[in-house]
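Have a look at the structure below, then the notes.
The values are calculated or read from the model by the stated rules, or taken from the named source; none is laboratory data. Because the structure is a prediction, the values reported are computed rather than measured. All Cβ positions, even for glycine, are placed from backbone atoms using ideal geometry, and neighbour counts span all protein chains on display. Remember, those area values only see protein heavy atoms, side chains included, never the ligands or the DNA or RNA. Shrake-Rupley method; radii C 1.70, N 1.55, O 1.52, S 1.80 Å.
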Amino acid sequence: DQQVKQNSPSLSVQEGRISILNCDYTNSMFDYFLWYKKYPAEGPTFLISISSIKDKNEDGRFTVFLNKSAKHLSLHIVPSQPGDSAVYFCAASRLYSGGSNYKLTFGKGTLLTVNP
Amino acid sequence: KAGVTQTPRYLIKTRGQQVTLSCSPISGHRSVSWYQQTPGQGLQFLFEYFSETQRNKGNFPGRFSGRQFSNSRSEMNVSTLELGDSALYLCASSFIRQGQFSYEQYFGPGTRLTVT
């Protein structure tokens, strides 16, 4: 049972336009969400996160939106650049009592291609 | 600050053998997690260690084990290798502050294991 789903395996956008990557989750206990970017032959790199008490978090060109009622989050990249071409993973976590006992549940990723 | 390092980067083993992978976290990070990445399943959580204790374990058979040393370095071991164990094994570390916690995990480049 996949608790974090990224239904689009790939997305292609033009340089300068907006990229929107989507993620759905089924476990209502998840309360912290992260996006990672992964280039071939490298480990995932943390991009941006959001906790369930917020519905939006912004960091430069990257904005994450969270819709708890729909169990949906999205990552917006504006403007998109060719260097953004990579696989993007959505990840979710539960808040365990004790503060630091956690794991990340990942989606299967979306390959973003930004065309010059 | 040096990032997460993993050794070896590439490994070829035959069925039935065992393998040990090593991970050195970012200096000061005490939490180390391991993930398996395969094309079909994406990133799947294996286990997490903090202060030499395994606190969380994913749904993997007992052939997968790990440990953490007093300097926070970690190893994972897979015994009786199967063809399906061929994957990229990723290690991630996190900095845990007293009274706060960060869900942000910093990944190493991974060890590519091929079982023939």
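Got a sec? Charge dipole of region B:22-116, +1 on Cβ for Lys and Arg, -1 for Asp and Glu; which of B:65, B:45, B:26 is way out at the positive end?
B:26
Determine ³J(HN,Hα), in whole Hz, for all residues of region B:32-49 in sequence, where each value follows from phi through the Karplus function 6.51 cos²θ - 1.76 cosθ + 1.60 and θ = phi - 60°; x replaces Gly and Pro.
Going residue by residue, I get 10, 10, 10, 9, 10, 10, 10, x, x, 10, x, 8, 10, 6, 9, 6, 10, 10 Hz, with x marking Gly and Pro.
Give the Debye-formula value of log10 I(q)/I(0) at each listed q (0.13, 0.15 Å⁻¹), with one equal scatterer per alpha carbon of the protein assembly as shown, two decimals each.
Debye intensities relative to I(0), on a log10 scale: -0.78, -1.03.
May I ask for the net charge around residue B:45, where only other residues with Cβ less than 13 Å from the Cβ of residue B:45 are counted and Lys, Arg are +1 while Asp, Glu are -1? Each step should come with its number before you reach the end.
On the way: positive: A:94, A:103, B:55, B:57; negative: B:48.
Net local charge, residue B:45 excluded: +3.
Please work out the average accessible area per residue across chain A, using the 1.4 Å probe convention, and give it in Å².
That works out to 48 Å² for each residue.
Sum up the charges of everything whose Cβ sits under 13 Å from the Cβ of residue A:41, counting Lys and Arg as +1 and Asp and Glu as -1, but leave residue A:41 out.
Summing Lys and Arg as +1 and Asp and Glu as -1 gives +2.
Would you please state which residues of region B:69-84 a label at residue B:18 would reach in this model, taking the label point 7 Å out along Cα→Cβ and a backbone N cut-off of under 15 Å?
Residues B:75-82 fall inside that zone.
Return an integer: the convex hull volume of the alpha-carbon atoms of chain B, in Å³ per residue.
98
Rounded to the nearest 10 Å², what accessible area does residue A:47 show when all protein chains are kept and the probe is 1.4 Å?
30
Quick one: net charge of residue B:112's neighbours, Cβ under 15 Å, K/R +1, D/E -1?
Around residue B:112, the charge tally is +1.
For residue A:108, enumerate residues with amide H under 5 Å from its amide H, sequence gap 5+ or separate chain, H modeled in the peptide plane.
A:6
So which residues of region B:45-63 lose at least 30 Å² of accessible area, probe 1.4 Å, when you go from the chain by itself to every protein chain present?
At a threshold of 30 Å² (probe 1.4 Å), the residues of region B:45-63 that become less exposed are B:45, B:55, B:56.
Evaluate the distance, in nm, between pseudo-label points positioned 7 Å from the Cα of residue A:2 and of residue B:67 along their respective Cα→Cβ axes.
Here the modelled spin labels are 3.7 nm apart.
Let me know the Rg and Dmax you get for region A:10-116 when you use only its Cα atoms, in Å.
13.9, 47
Using label points projected 7 Å from each Cα along Cα→Cβ, tell me how many nm separate residue A:56 and residue A:81, to one decimal.
2.3
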